[in-house]
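In what follows, a single structure is set out as structure tokens and then discussed.
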Amino acid sequence: MERYIDKFMRYMEIEKNYSRHTLLNYRIDLEGFRAFLGQAAIENVDYLFLRKYLANLKEKSLGAKSMARHLSALRSFFKFLIREGYLKANPILSLSSPKIEQHLPKFLTEDEVSNLIESSIPKDLSGSRDRAILETFYSSGLRISELVGINVDDIDFIGGVIKVRGKGKKERIVPIGDKAIEAVRVYVGKKKKETQALFLNKNGKRITDRGVRNIVGKYLRISGAKQGACPHTLRHSFATHLLNRGADLRTVQELLGHANLATTQIYTHLTTDRLKSVYDKAHPRA
């Protein structure tokens, strides 16, 4: 089993180009399955055994989303074993994933975003960095990991675009607005250390995901943002505001770097209230 897992992980890293975060989660999930398997042979795993495994996960109080992730790892694993000829039959094909309750993402209004970015941010080096992070985050709708990975050379200051490395190390080009460009330009002009990485921590190293979360969280609190707002809320706000102002779903999908349109469609639910409001005000018999 351990040999199969190692081969599978190499396949996911080299051929599928999965991110380190995804690879780590897959490794953890598969090691958990191996522990449950014990001395049993992988060739003897059947539908009933997998049902017992799911029951075991449920006893650990795992939520539907976590269980779905475990199943996703197993589906990819068994598919790999079949493809490589290690197994003849796939026992997981008839197993359905638990239904995940869909939560609508929280977002800020345009005024709330303005309050956030116009918070009392100091004009020193760290303050300039913080403003550049907030402006870039909202202007381009990046994931935190994508923001952290930006290099100075990735930004086209004249063309107003950024080269972004997204999930699965896939690259895409996204626009960056004038205000964000100016904030980044000011920050870069104050940087004391010339490095490949754009955003640095106080030690002069590339800032981490946690560092960005702490920075954005701090200004969310200062601006008095609604309860439940988190750093990722800026990405949700980016998508929602684009749709509210008439952007089409396919364009927003490309900007967000979503592989599937269905992932982007959740934002259409957020704009329904606005459409109803406009309808009520505009239609003579509403």
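The values are calculated or read from the model by the stated rules, or taken from the named source; none is laboratory data. Please read these numbers as outputs of a predicted model, since none were measured by experiment. Counting neighbours? That spans all protein chains shown, and the Cβs are built from the backbone with ideal geometry, glycine included.
Contact annotation: residue pairs with Cβ atoms under 8 Å, 6 or more positions apart or on different chains, pairing a residue in the stretch 191-203 that is within 10 Å of Asn151 (Cα to Cα) with a partner that is among the basic types (Lys, Arg) and buried (at least 16 other Cβ atoms within 10 Å of the Cβ), are Thr195/Arg206; Ala197/Arg206; Phe199/Arg129; Phe199/Arg206.
What number of residues within the stretch 152-181 are touching a residue at least 40 places away in the same chain (Cβ under 8 Å), in a helix (DSSP H, G or I), surrounded by fewer than 16 Cβ atoms within 10 Å (Cβ to Cβ) and at negative phi? Final tally of qualifying residues: 3. One residue alone among Arg51, Arg20, Arg3, Arg10 is within 24 Å of Ser96 (Cα to Cα), surrounded by fewer than 16 Cβ atoms within 10 Å (Cβ to Cβ) and of a type in the set (D, E, K, R), and that residue is Arg51. When the stretch 35-47 is limited to residues that are outside any helix (DSSP H, G or I) and in contact with a helix residue (DSSP H, G or I) (Cβ under 9 Å, 6 or more places away or on another chain), the one that is nearest to Lys167 (Cα to Cα) turns out to be Val45. Quick one: would you say Glu135 is more than 29 Å from Ser223 (Cβ to Cβ) and either assigned by TED's automatic domain parsing to the domain that holds Val212 or modelled with pLDDT of 90 or more (or both)? The answer is no for Glu135.
Do we have Tyr53 as within 19 Å of Leu93 (Cα to Cα), out of contact with any Phe, Trp or Tyr (no Cβ under 7 Å at 6 or more places or on another chain) and not small (Gly, Ala, Ser) here? It is false that Tyr53 is within 19 Å of Leu93 (Cα to Cα), out of contact with any Phe, Trp or Tyr (no Cβ under 7 Å at 6 or more places or on another chain) and not small (Gly, Ala, Ser).
Yes/no per residue for (1) at pLDDT 90 or above; (2) of a type in the set (Gly, Ala, Ser):
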residue: Glu194; (1), (2): no, no
residue: Leu198; (1), (2): yes, no
residue: Gly204; (1), (2): yes, yes
residue: Arg210; (1), (2): yes, no
residue: Arg213; (1), (2): yes, no
residue: Cys230; (1), (2): no, no
residue: His241; (1), (2): yes, no
residue: Asp248; (1), (2): no, no
residue: Thr272; (1), (2): no, no
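As a summary of the residue check, Ser114 satisfies the conditions (1) surrounded by fewer than 20 Cβ atoms within 10 Å (Cβ to Cβ); (2) in the same structural domain as Asp6 (by TED's automatic domain parsing); (3) of a type outside the set (D, E, K, R); (4) in a helix (DSSP H, G or I) except for the one numbered (2). Restricting attention to the stretch 3-32, the residues that are at pLDDT below 90 and touching an Asp or Glu at 6+ places or on another chain (Cβ under 8 Å) add up to 1.
Could we say that Leu50 is under 29 Å from Arg143 (Cβ atoms) and outside the structural domain of Glu146 (by TED's automatic domain parsing) here? First the steps, then the outcome.
Values: under 29 Å from Arg143 (Cβ atoms): no; outside the structural domain of Glu146 (by TED's automatic domain parsing): yes.
No, not satisfied.
A single entry from Arg250, Arg210, Arg221 fulfils the requirement of being without any contact (Cβ under 8 Å) to a residue 40 or more places away in the chain, loosely packed, with under 13 Cβ neighbours inside 10 Å and closer than 16 Å to Ile121 by Cβ: Arg221.
For the stretch 250-261, indicate whether the set of residues that are among the β-branched types (Val, Ile, Thr), more than 28 Å from His21 (Cα to Cα) and modelled with pLDDT of 80 or more is non-empty. Scanning the stretch 250-261, I find no residue that is among the β-branched types (Val, Ile, Thr), more than 28 Å from His21 (Cα to Cα) and modelled with pLDDT of 80 or more, so the answer is no. Would you please list the contacts, defined by Cβ atoms under 9 Å and residues six or more apart or on different chains, that run from a residue in the stretch 1-16 that is free of Cβ contacts under 8 Å to residues at least 12 places away in the same chain to a residue that is surrounded by fewer than 16 Cβ atoms within 10 Å (Cβ to Cβ) and assigned to a helix (DSSP H, G or I)? From residues that are free of Cβ contacts under 8 Å to residues at least 12 places away in the same chain, the pairs are Glu13/Arg20; Glu13/Leu23.
Under the condition of being outside any helix (DSSP H, G or I), of a type outside the set (D, E, K, R) and surrounded by fewer than 16 Cβ atoms within 10 Å (Cβ to Cβ), the residues counted in the stretch 54-78 number 2.
Going by the structure shown, is Asp209 acidic (Asp, Glu) and within 20 Å of Tyr267 (Cβ to Cβ)?
Details: acidic (Asp, Glu): yes; within 20 Å of Tyr267 (Cβ to Cβ): no.
No.
Yes or no, residue by residue, for (1) among the hydrophobic types (A, V, I, L, M, F, W, C); (2) assigned to a helix (DSSP H, G or I); (3) under 19 Å from Lys167 (Cβ atoms); (4) in contact with a strand residue (DSSP E or B) (Cβ under 6 Å, 6 or more places away or on another chain):
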{"site": "Ile5", "(1), (2), (3), (4)": "yes, yes, no, no"}
{"site": "Thr22", "(1), (2), (3), (4)": "no, yes, yes, no"}
{"site": "Leu30", "(1), (2), (3), (4)": "yes, yes, no, no"}
{"site": "Phe33", "(1), (2), (3), (4)": "yes, yes, no, no"}
{"site": "Phe49", "(1), (2), (3), (4)": "yes, yes, no, no"}
{"site": "Leu81", "(1), (2), (3), (4)": "yes, yes, no, no"}
{"site": "Lys88", "(1), (2), (3), (4)": "no, no, no, no"}
